[in-house]
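Structure first, commentary second.
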Amino acid sequence: MILLDRVTKTYNKKGPAIERINLHVENKEFVVIVGQSGAGKSTLLKLLTREEKPTSGKIIVGGIDYERLRDRDIPYLRRKIGTVFQDFKLLPNKTVFENIAFALEIVGMGNREIRHTVPKVIDLVGLKGKEDNYPNELSGGERQRVAIARAVVRQPKILIADEPTGNLDPKHAWDVIRVLEKVNKHGTTVLLTTHNMDIVNKLKRRVVTIRDGKVVGDRASAGYNKQVV
Ligand code: ADP
């Protein structure tokens with residue numbers, strides 16, 4: 001569960017980037033966050049990953065109250081939250097397999113378990129047969145699916161996808177969205193930001209709209225039956 005209670009973040013004198021935001025996301029929800037450039041979407045996500053601290057307000061994620069979070073707890077928190085971004089951030093000198101395996105190596109997983117675990121996520125994102133390819137041998141959509149595989153291989157509770165389709169043509173964008181839906185179906189909470197209104201309209205998921213740092217809309221799309229508060 002993600003809870004933001006009257007969260008404000010002010011970077012400088014220009015005024016708050018987000019202001020008194022209340023947001024409640026249940027486990028396993030899929031939430032689309034929309035808003036124009038500068039609305040405060042990235043700030044909101046950075047508060048969740050603890051790249052930024054709020055100026056005021058309360059944040060609780062998966063039972064962790066961020067006010068009580070010590071610096072040494074942050075790596076543990078980040079294992080619960082996978083992230084993918086518009087620009088993929090893959091390691092160019094590593095293959096698809098190695099890029100994903102690396103996320104497990106750095107948390108100390110042994111080779112045997114890595115060899116067992118990585119193929120499962122490669123399968124999940126539909127990249128079987130591409131294990132030995134390097135990022136520059138893949139399409140943009142495939143690269144983003146590697147990034148998703150790497151983000152979910154440690155089985156985070158939450159996946160944050162910040163404009164993951166921003167660099168992709170419509171077909172590849174939808175391939176990526178379908179993978180996010182699959183990840184969500186496996187029980188991961190997904191927070192997606194996008195500018196793509198076609199995706200927003202067709203996805204039929206909860207849409208939270210942010211404008212000037214405030215939540216100005218929170219609606220369930222047709223076919224999605226969560227009560228909106
Ligand atoms: P979005 O992701 O919706 O484009 P951002 O969260 O990046 O919006 O930005 C919200 C506001 O906060 C903007 O006015 C932006 O200029 C400002 N902002 C974002 N990051 C910083 C920062 N590190 N320092 C100062 N201002 C920032």
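The values are calculated or read from the model by the stated rules, or taken from the named source; none is laboratory data. Fair warning: this is a prediction, and the values are worked out from it, not measured in the lab. Please note: Cβ atoms are built from the backbone with ideal geometry, for glycine as well, and neighbour counts cover all protein chains shown. Accessible surface areas use protein heavy atoms only, side chains included; no ligands, DNA or RNA. Shrake-Rupley method; radii C 1.70, N 1.55, O 1.52, S 1.80 Å.
Computed quantities for the displayed model
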read-out: Tabulated pairs, the range 35-57, first without any contact (Cβ under 8 Å) to a residue 40 or more places away in the chain and open to solvent by 50 Å² or more (accessible area, probe 1.4 Å), second within 9 Å of the ligand (Cβ to nearest atom) and outside any helix (DSSP H, G or I), C-beta under 6 angstrom, 6+ apart or interchain; value: Lys46/Glu52
read-out: Given (1) open to solvent by 70 Å² or more (accessible area, probe 1.4 Å); (2) at pLDDT below 95; (3) not charged (D, E, K, R), index of the condition Leu77 fails; value: (1)
read-out: Index of the failed condition, Tyr134 passing every other in (1) under 29 Å from Asn27 (Cβ atoms); (2) in contact (Cβ under 8 Å) with a residue 40 or more places away in the chain; (3) over 13 Å from the mean Cα position of the chain (by Cα); value: (1)
read-out: Test: Arg20 is at positive phi, in contact (Cβ under 8 Å) with a residue 60 or more places away in the chain and assigned to a strand (DSSP E or B); value: yes
read-out: Selection count where residues are open to solvent by 60 Å² or more (accessible area, probe 1.4 Å) and either within 18 Å of Gly140 (Cα to Cα) or assigned to a helix (DSSP H, G or I) (or both), scope the range 95-118; value: 8
read-out: Test: Thr43 is away from the ligand (no atom under 12 Å from the Cβ) and polar (S, T, N, Q); value: no
read-out: Count of the range 1-12 residues which are under 21 Å from Thr188 (Cα atoms) and part of a strand (DSSP E or B); value: 3
read-out: Hits in the range 119-146 - residues which are of a type in the set (A, V, I, L, M, F, W, C) and surrounded by 24 or more Cβ atoms within 10 Å (Cβ to Cβ); value: Val125, Val146
read-out: From Ile59, Ile64, residue being out of contact with any strand residue (DSSP E or B) (no Cβ under 8 Å at 6 or more places or on another chain) and of a type outside the set (Lys, Arg); value: Ile64
read-out: Per-region count, the range 161-217, residues in a helix (DSSP H, G or I) and within 16 Å of the ligand (Cβ to nearest atom); value: 2
read-out: Residue within the range 12-21 that is open to solvent by 70 Å² or more (accessible area, probe 1.4 Å), over 25 Å from Val152 (Cα atoms) and β-branched (Val, Ile, Thr) present; value: no
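Conditions (1) assigned to a loop (DSSP other than H, G, I, E, B); (2) within 16 Å of the ligand (Cβ to nearest atom); (3) more than 14 Å from the chain's Cα centre (by Cα), marked per residue:
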site: Lys14; (1), (2), (3): yes, yes, yes
site: Ile33; (1), (2), (3): no, yes, no
site: Gln36; (1), (2), (3): yes, yes, yes
site: Glu67; (1), (2), (3): no, no, yes
site: Ile74; (1), (2), (3): no, no, yes
site: Lys89; (1), (2), (3): yes, no, no
